[in-house]
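Written below as structure tokens is the structure these notes are about.
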Ligand SMILES: Cc1ncc(COP(=O)(O)O)c(C=O)c1O
């Protein structure tokens, strides 16, 4: 039976990491996979996480199953992180949240849930979008359509074209939106643009499906959920897939959440029954440890303060590296204006290089990035920025 299988090519980004690992150039730079790195190039465990783990180690009393929706304490803490205390959708009892194995798990459970709601729904995704959206959502058998999003010439959101295309979405469609720190472009909507998308959703009846993988990496924990709070207040239905991989640095623990905002309590309860049933049929229940870390932090004022501080340091470092790279490129006389990088948010931006230039950077300078020229800003530090600047200028 297995003899019928043909070998698949390696995942392009993971293949790139393999090449990076085997590169012996001491100046090599990794701007590929989306993992936060500090000034020394490490991805350390946050101090708030370490302390929470110690508390859990001392206090955890059982390893019994936690059930398909995950830990109630985690789900409640995530609702408060997303909506803030006292949001209308919470007081109207319209929100149901389940724990998920990472943002990816939340996206896939959402796709299976959407299929049960309406087998003919389309999900509109931005062009470009995070590559894994396609298998995660399309793999559940849902048709994906795309809307224009990023203007590669102007290095900004093509907002008019986006709205014009979304005007074609119907009332059984969903529109996938990146809550903040758009991956791969780093170009986000302004609050005024979010208001316009909300208005369009109201008029057309499509359901916003918000993927939030970088809360706290853009402008701040509450600034980054402007769209979520606005849309959940104004619209009857919203879906939110949220990840704790980046903002808590819990990548391998696989922790995230999925929230469904329904028109009323009855529909919210019915939604939860289906989410629970979908989960039971895929992986039965989520792992416990990562979610326990998150709820331990969020339920403790001191640990929450420490986490806010560490998250702010990560955000400031990313913004600082954006400014430093732009400054170095400009003072080294780059023939192009890279100042757009400073206006973008989160971990990623496109440098705007051709495939040949990306290959030359890798072959001649050991600088590794996705073939689209998407760079992980966190891979830049004070030690490698001059080398990186010279390498980019040499291929321009
Ligand atoms: C846009 C986007 N959504 C979701 C995720 C999900 O991440 P995870 O499953 O690691 O929590 C990521 C991770 O890179 C992402 O970039």
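Yes or no: residue 233 assigned by TED's automatic domain parsing to the domain that holds residue 207 and over 20 Å from residue 175 (Cα atoms)? So residue 233 fails the test.
Select from the range 241-273 the residues that are more than 16 Å from the ligand (Cβ to nearest atom) and part of a strand (DSSP E or B) and write down the one among them that is surrounded by the fewest Cβ atoms within 10 Å (Cβ to Cβ). Ranking the qualifying residues of the range 241-273, first place goes to 260. Among the residues making up the range 153-191, those that are farther than 18 Å from residue 116 by Cα, away from the ligand (no atom under 14 Å from the Cβ) and touching a strand residue (DSSP E or B) at 6+ places or on another chain (Cβ under 7 Å) are 157, 158, 161, 162, 165, 166, 169, 189. Counting only helices (runs of 4 or more DSSP H) that sit wholly inside the range 1-96, those with at least 1 residues that are farther than 28 Å from residue 285 by Cα and free of Cβ contacts under 8 Å to residues at least 60 places away in the same chain are 12-22. Can you tell which of 168, 203 is exposed (fewer than 14 other Cβ atoms within 10 Å of the Cβ), on the phi < 0 side of the Ramachandran plot, in a loop (DSSP other than H, G, I, E, B) and at pLDDT 95 or above? Being exposed (fewer than 14 other Cβ atoms within 10 Å of the Cβ), on the phi < 0 side of the Ramachandran plot, in a loop (DSSP other than H, G, I, E, B) and at pLDDT 95 or above holds for just one of 168, 203, which is 168.
Quick one: in the range 95-113, of everything that is more than 14 Å from the ligand (Cβ to nearest atom) and surrounded by fewer than 23 Cβ atoms within 10 Å (Cβ to Cβ), which residue is farthest from residue 375 (Cα to Cα)? Going through the qualifying residues, I end up with 113. Filtering 229, 252, 265 for residues that are more than 12 Å from residue 70 (Cβ to Cβ) and touching a helix residue (DSSP H, G or I) at 6+ places or on another chain (Cβ under 8 Å) leaves a single hit, 229. The listed residues are 296, 359, 304, and the only one of them that is out of contact with any strand residue (DSSP E or B) (no Cβ under 9 Å at 6 or more places or on another chain), part of a helix (DSSP H, G or I) and crowded, with 22+ Cβ neighbours inside 10 Å turns out to be 296.
Could you tell me whether any residue of the range 261-281 is under 18 Å from residue 183 (Cβ atoms) and in contact with a strand residue (DSSP E or B) (Cβ under 9 Å, 6 or more places away or on another chain)? No, every residue in the range 261-281 fails to be under 18 Å from residue 183 (Cβ atoms) and in contact with a strand residue (DSSP E or B) (Cβ under 9 Å, 6 or more places away or on another chain).
The values are calculated or read from the model by the stated rules, or taken from the named source; none is laboratory data. Values in this document were obtained by computation on a predicted structure and should not be read as measured data. Glycine also receives a Cβ, built like all others from the backbone with ideal geometry; neighbour counts cover every protein chain displayed.
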